Ligand code: GUN
């Protein structure tokens with residue numbers, strides 16, 4: 001069994017980006033600039049956004065963090081999005097989700113200029129991904145594909161089961177892995193809460209991706225001997241042994257599943273860091289698409 005070390009792989013990608021930034025700086029060219037809007041005080045969202053800003057600092061990208069209170073109006077938020085669309089110094093930006101209930105997330109997403117939508121959530125980018133038109137692919141699925149690529153995992157012709165059909169991970173990943181690309185060319189099955197015989201379907205997977213957000217959902221009896229298992233879960237669970245009182249739990253029962261796998265990604269240190277690295281790649285791409 002080998003670990004799909006997302007932390008290490010993301011560090012390699014960030015090192016490559018750092019070199020690129022250094023090179024650009026020495027040529028007097030523009031440096032990518034990412035902005036992030038964070039609404040409210042959700043612990044998970046704060047951690048994610050801070051990691052994104054920290055990654056920018058590590059590789060030499062410029063970054064701007066914009067924070068609002070939970071009570072911010074939809075109008076104020078939409079006006080900020082419009083201002084960022086117009087701001088020539090910003091190459092790409094994200095609005096961290098989820099947003100408070102009184103704000104329509106889709107309305108916010110639709111207001112983002114697709115050329116600056118480095119999350120790849122705007123319908124234009126979702127459509128571009130579907131049709132193989134250059135654009136932005138959401139960071140988590142892109143990070144998973146990059147992890148499989150960097151570990152040289154054979155995907156062509158393999159049975160891939162994706163558990164979970166979210167707009168951010170499961171659905172786009174199932175589309176990407178079925179494409180005529182490398183990694184890709186998988187026979188993809190998308191499993192969700194209404195699926196029957198989930199265990200039997202998972203058991204048939206050469207590549208099993210768990211993106212349901214239920215800690216320990218994937219157990220050893222659901223996994224084929226020699227399978228590649230990718231764990232996208234990042235649920236905060238209480239843990240009195242930790243000073244902060246919680247830990248991140250994956251969707252896979254790692255201890256019992258790992259011995260059966262050829263490769264498995266851990267939580268933390270698997271998909272999470274790859275998501276951040278992919279966002280950085282998308283930000284660089286946003287700047288390049290502008291011809292800078
Ligand atoms: N919330 C959970 N994942 C994401 C993500 O990739 N981007 C944004 N903007 N919000 C999220």
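Of all the numbered requirements in (1) touching a strand residue (DSSP E or B) at 6+ places or on another chain (Cβ under 6 Å); (2) more than 24 Å from residue 8 (Cα to Cα); (3) crowded, with 18+ Cβ neighbours inside 10 Å, residue 204 misses one, and that requirement is (3). Taking the stretch 43-84 as the range and being assigned to a helix (DSSP H, G or I), within 16 Å of the ligand (Cβ to nearest atom) and touching a helix residue (DSSP H, G or I) at 6+ places or on another chain (Cβ under 9 Å) as the test, the residues that pass are 48, 51, 52, 54, 55, 56, 77, 78, 81, 84. Those helices (runs of 4 or more DSSP H) of the stretch 186-292 in which at least 3 residues are touching a helix residue (DSSP H, G or I) at 6+ places or on another chain (Cβ under 7 Å), considering only elements entirely within it, cover 198-203, 271-289. Of the residues that make up the stretch 77-91, is at least one exposed (fewer than 13 other Cβ atoms within 10 Å of the Cβ), closer than 30 Å to residue 245 by Cα and more than 18 Å from the chain's Cα centre (by Cα)? Scanning the stretch 77-91, I find no residue that is exposed (fewer than 13 other Cβ atoms within 10 Å of the Cβ), closer than 30 Å to residue 245 by Cα and more than 18 Å from the chain's Cα centre (by Cα), so the answer is no.
Looking across 126, 137, 95, 145, one residue alone is under 18 Å from the mean Cα position of the chain (by Cα), under 26 Å from residue 188 (Cβ atoms) and within 12 Å of the ligand (Cβ to nearest atom). It is 137. Selection of the stretch 154-192 for residues being surrounded by 18 or more Cβ atoms within 10 Å (Cβ to Cβ), touching a residue at least 40 places away in the same chain (Cβ under 8 Å) and over 19 Å from the mean Cα position of the chain (by Cα) yields 155, 158. If the condition is being surrounded by 19 or more Cβ atoms within 10 Å (Cβ to Cβ), out of contact with any strand residue (DSSP E or B) (no Cβ under 8 Å at 6 or more places or on another chain) and closer than 23 Å to residue 12 by Cα, then the stretch 135-153 contributes 137, 138, 139, 140, 141, 142, 143, 145, 146.
Among the residues here, residue 115 does not qualify as part of a helix (DSSP H, G or I) and within 16 Å of the ligand (Cβ to nearest atom). How do the pairs read when you match residues in the stretch 268-292 that are at pLDDT below 95 with residues anywhere that are in a helix (DSSP H, G or I), using Cβ under 9 Å and keeping only pairs 6 or more apart or on different chains? Within 9 Å, the pairs are 289/115; 290/115.
Set side by side, the residues 173, 110 differ, and just one is away from the ligand (no atom under 13 Å from the Cβ) and outside any loop (DSSP other than H, G, I, E, B), which is 110. Scanning the stretch 216-228 for residues that are closer than 17 Å to residue 192 by Cα and buried (at least 19 other Cβ atoms within 10 Å of the Cβ) yields a total of 4.
The values are calculated or read from the model by the stated rules, or taken from the named source; none is laboratory data. Source: prediction; values computed, not measured. With ideal geometry, Cβ positions are generated from the backbone for all residues, glycine too; neighbour counts draw on all protein chains shown.
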